[in-house]
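This report refers to the structure that appears directly beneath it.
The values are calculated or read from the model by the stated rules, or taken from the named source; none is laboratory data. Please read all numbers here as calculations on a predicted model, not as lab measurements. A quick note on method: Cβ atoms are made from the backbone with ideal geometry, for glycine too, and the neighbour counts reach across all protein chains shown. For accessibility, only protein heavy atoms count, side chains too; no ligands or nucleic acids. Shrake-Rupley method; radii C 1.70, N 1.55, O 1.52, S 1.80 Å.
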Amino acid sequence: LFQKSSSEFWTPRPRELTWKAGGIRNQTIFVERLRHKQTMNIIESRRAFLHRLAAGGSGAVLAGQLWSVHEAFAQQLETASWAARQDDFDALREHYLLDETVVYLNHASIGTMSSPVHEARGKYVHLCETNPWLYLWGGAWEEPREQVRGAAADFMGCTADEVAITHNTTEMFNVLAHGLPWQAGDEVLFSTLCHAGASLPFEQFAEDYGYRARRFDFPVDRVPHMAAADVVDAYAAQIRPETRLLVIPHIDNTVGVRYPVQEMARMARARGVEFVAVDGAQAVGMIPVDVASYDVDVYATSPHKWLQSAKGLGLAYIHARMLPVLRPMWVTWGQQRWAGSVRVFEDYGTRNFPELLSLGDAIAFAMTVSPAQRERRLQFLWQHASDTVAGHEDLSWHSPRQWDRGCSLFAIGVKRPAAEVAKQLFEQHQIVVRPFDTLGLNALRVSPNVFNTPAEIDRLVDHLVA
């Protein structure tokens, strides 16, 4: 939460690592040890911030009130970090509020908040209600808010001045649908794998602004064997001279194709597309992202999924070149104060500061599992699911068969109606998955997180083939 926005506390981006001795294994060890050290530095940076706050007169009261919240969270964070360093995901699961009888395999719809973040959030709510005016409008949490912005920016791989804290991914696509300098005949292009929140705003408002929203059929039947170049080519074939905005998912929410975002943006710009916007709702917190390197104009995400933050929060990377041309969707009193800054897209009056501050805690908790650990664990679960499904003729795999093209979100085809199967799985066995019966699919979307287990996937498959 109260983390200085500085690379001093964060793992360098992969392209900046120069560790070579001992090969990949030593590089992995180095990165994981560094990640743990930096997770602990978050704790120390918060303490330093509170000491500075306490020295600031009226800030002393706030510092004292926040200190107990911070220390309780820091203790739980260290326990979780120890479990993660041991690859003890059973112990890590104990830091969540999930009912022990529930097999939760639907993180792509909504994540589950960790108990340390939940407890910190509750304390922020309590503190806020002791003097609502002070904490919402008195400026007490302005600097902590900016600390959260810096933490989010570092996690996404950009600068704090490029991050707007929104309500969800859909909000940013509504901003684009209303706020770009549209001209008659302009086109917005997206595929059938585009989430409704990133496509329907354009379809809803295209006529009002004189542009066209065009959706094309993505070759879902080819997904298991598609290479990155095939994904790029599928879009390249659809771009027209009038295509002004291209909308793509980083990871789609149906079958889990991992898009080569940088290559997609390069291809689009070479064909004259002016704007590229990315739906990153399924990526941030699941796979490493480095948005500044993608050369896209907007990258929006919902941290309540894989980052497991409080619900009702969003993050949007907005490139500086967009600020002169993109209008906010709503405004109140802050447009002059924040002119020329991404903060103009947060000018919607009263906001939920306790939820926002707990986002910093969610980022800190997510960092207890290093990117290398997360990658290994999720790939292990993905491979186990793929191998298990392959052993049953009544089931089919509709997602990429190569890990670097897929992710921890995959679709398993079933014989009976998927919605009926999903309902039965939950009501009779407390297994939570998402059914899909669109795009020619009759499948269950399965999206495990690091604390899920192979046994839970086995339990799912056993009930599907029973």
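What about residue 399, is it among the polar types (S, T, N, Q), touching a strand residue (DSSP E or B) at 6+ places or on another chain (Cβ under 9 Å), over 30 Å from residue 141 (Cα atoms) and open to solvent by less than 10 Å² (accessible area, probe 1.4 Å)? It is true that residue 399 is among the polar types (S, T, N, Q), touching a strand residue (DSSP E or B) at 6+ places or on another chain (Cβ under 9 Å), over 30 Å from residue 141 (Cα atoms) and open to solvent by less than 10 Å² (accessible area, probe 1.4 Å).
Exactly one residue among 310, 316, 277, 268 is under 30 Å from residue 122 (Cα atoms) and in contact with a strand residue (DSSP E or B) (Cβ under 8 Å, 6 or more places away or on another chain), and that residue is 316. Residues that are under 23 Å from the mean Cα position of the chain (by Cα), part of a loop (DSSP other than H, G, I, E, B) and among the β-branched types (Val, Ile, Thr) within segment 306-333 are absent altogether.
Residue check: is residue 243 among the polar types (S, T, N, Q), more than 27 Å from residue 409 (Cα to Cα) and modelled with pLDDT of 95 or more? Against the criterion (among the polar types (S, T, N, Q), more than 27 Å from residue 409 (Cα to Cα) and modelled with pLDDT of 95 or more), residue 243 qualifies. Of all the residues in segment 162-184, those that are polar (S, T, N, Q), open to solvent by 40 Å² or more (accessible area, probe 1.4 Å) and within 21 Å of the chain's Cα centre (by Cα) number 2. Scanning segment 202-236 for residues that are more than 22 Å from residue 407 (Cα to Cα), of a type outside the set (A, V, I, L, M) and either open to solvent by 10 Å² or more (accessible area, probe 1.4 Å) or not in a helix (DSSP H, G or I) (or both) turns up 203, 204, 205, 207, 208, 209, 210, 211, 212, 214, 215, 216.
Within segment 122-145, can you find the residues that are touching a helix residue (DSSP H, G or I) at 6+ places or on another chain (Cβ under 7 Å) and open to solvent by less than 60 Å² (accessible area, probe 1.4 Å)? The answer is 124, 125, 127, 128, 135, 136, 140, 141, 144, 145.
Only one entry of 353, 426 meets the criterion of being under 26 Å from the mean Cα position of the chain (by Cα), more than 22 Å from residue 103 (Cα to Cα), open to solvent by 10 Å² or more (accessible area, probe 1.4 Å) and of a type outside the set (D, E, K, R), and that entry is 353.
Has segment 240-247 got any residue that is in a loop (DSSP other than H, G, I, E, B) and surrounded by 20 or more Cβ atoms within 10 Å (Cβ to Cβ)? Checked segment 240-247: no residue is in a loop (DSSP other than H, G, I, E, B) and surrounded by 20 or more Cβ atoms within 10 Å (Cβ to Cβ). The residue that is nearest to residue 105 (Cα to Cα), among those in segment 444-462 that are in a strand (DSSP E or B) and touching a Ser or Thr at 6+ places or on another chain (Cβ under 8 Å), is 447. The set of residues from segment 63-121 being acidic (Asp, Glu) and either over 15 Å from residue 308 (Cβ atoms) or more than 22 Å from the chain's Cα centre (by Cα) (or both) comprises 71, 78, 87, 88, 90, 94, 99, 100. When residues in segment 146-180 are screened for being touching a Lys or Arg at 6+ places or on another chain (Cβ under 6 Å) and in a helix (DSSP H, G or I), 2 of them pass.
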